[in-house]
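The values are calculated or read from the model by the stated rules, or taken from the named source; none is laboratory data. Just so we're clear, the structure is a prediction, and the values are computed from it rather than from any experiment. Here the Cβ is made from the backbone with ideal geometry for all residues, glycine too, and neighbour counts use every protein chain on show.
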Amino acid sequence: MQSSLIISLTGVTASGFTLCGQPPQPPLPALQNFLKYMFDSSSKLQGGVLLGNLMDFGSFSQCLQIYKNSVFGPIHGKHCVLKIKPSIPLMKKILSFRNVSEKRFLKVYETVEKVDLAWSVCVPHSCPRDDIFRHFNKTIMETVEGLDVTVNLDDNYCNTVFNQPVMGTTQFIVLIFLVCFVFIGIIAAVLDLNSSEETDNVFVDTFSAYRNLRRITKIGRAQKELQFLHGLRVFSSWCVVIGHRFIMYIMFPVINQLEELDHLLENAITTT
């Protein structure tokens with residue numbers, strides 16, 4: 001049952017591709033090895049979904065590396081991520097199994113409102129977004145019949161080797177600008193080291209990598225210094241680190257997201 005479901009969700013059948021008008025549909029034996037990699041790059045039914053393991057990227061790199069120069073023309077892999085979003089009543093029902101009451105749901109809603117089940121598929125690059133969405137929307141809705149969910153496929157969530165990000169003029173200008181600063185620091189450091197005594201040259205004093213490194217690593221105490229401020233700096237730095245760690249738990253996919261939600265609720269993070 002699981003294997004048949006996976007096959008239907010990857011868009012590959014015994015007769016070939018079922019959702020693309022171009023290239024023409026080839027029989028499976030002719031491109032068996034090619035379709036094997038496409039099938040392997042797509043999502044499978046994974047464990048821990050009820051625990052919050054909702055993000056499955058499949059094999060992004062493998063999908064984009066797929067290439068077949070067939071009699072039908074070159075075929076490349078196209079990786080797409082479909083988002084399956086449950087309705088609010090369904091979300092309340094799911095969270096009720098985690099002892100999240102109606103009152104507690106209002107507190108955690110901002111945390112879970114953007115929760116989607118991500119299902120990755122690898123299809124031929126010639127498949128347009130509308131064809132991909134039409135096929136998988138029909139298949140997924142038939143699979144989860146009776147559940148109030150919506151399926152979405154954004155153009156930005158489909159990638160091929162042809163639309164990979166490349167550095168543009170702006171990025172090159174910024175990179176050259178930063179590299180120039182590095183060279184200025186090195187030149188100022190060389191001038192600083194070659195001078196017989198410490199110079200008062202503003203350029204060297206400002207940009208010398210050697211002199212600035214000595215300032216940063218210098219250990220000493222000023223006569224009028226509030227020592228407790230150093231402790232406050234360390235404490236505030238740790239607060240920032242811990243805060244960023246919690247943000248990672250909330251904003252990025254983890255395999256036990258609902259357990260993390262319980263942890264946040266127990267520590268009253270969501271009530272602040």
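Some points to look at:
- Residues in the range 20-40 that are under 21 Å from R134 (Cβ atoms) and modelled with pLDDT of 75 or more were compared, and the one that is farthest from the chain's Cα centre (by Cα) is L35.
- Of the residues making up the range 127-171, those that are among the charged types (D, E, K, R) and without any contact (Cβ under 8 Å) to a residue 12 or more places away in the chain number 4.
- Applying the criterion of being crowded, with 17+ Cβ neighbours inside 10 Å and polar (S, T, N, Q) to the residues of the range 41-61, the residue that is modelled with the lowest pLDDT is N53.
- Selected residue (only one of S96, S42 is within 19 Å of V115 (Cα to Cα) and assigned by TED's automatic domain parsing to the domain that holds K114): S96
- The range 44-60: number of residues that are within 14 Å of the chain's Cα centre (by Cα) and more than 18 Å from I140 (Cα to Cα): 2
- Boolean, D116 is over 16 Å from the mean Cα position of the chain (by Cα) and among the charged types (D, E, K, R): no
- Restricted to the range 88-189, the set of helices (runs of 4 or more DSSP H) holding at least 2 residues that are surrounded by 13 or more Cβ atoms within 10 Å (Cβ to Cβ), touching a Phe, Trp or Tyr at 6+ places or on another chain (Cβ under 8 Å) and not acidic (D, E) comprises 88-96, 129-143.
- For the range 103-121, the criterion of a residue being over 24 Å from F246 (Cβ atoms) and touching a His at 6+ places or on another chain (Cβ under 9 Å) is satisfied by at least one position.
- The one condition in (1) closer than 30 Å to K83 by Cβ; (2) at pLDDT 70 or above that L264 fails to fulfil: (2)
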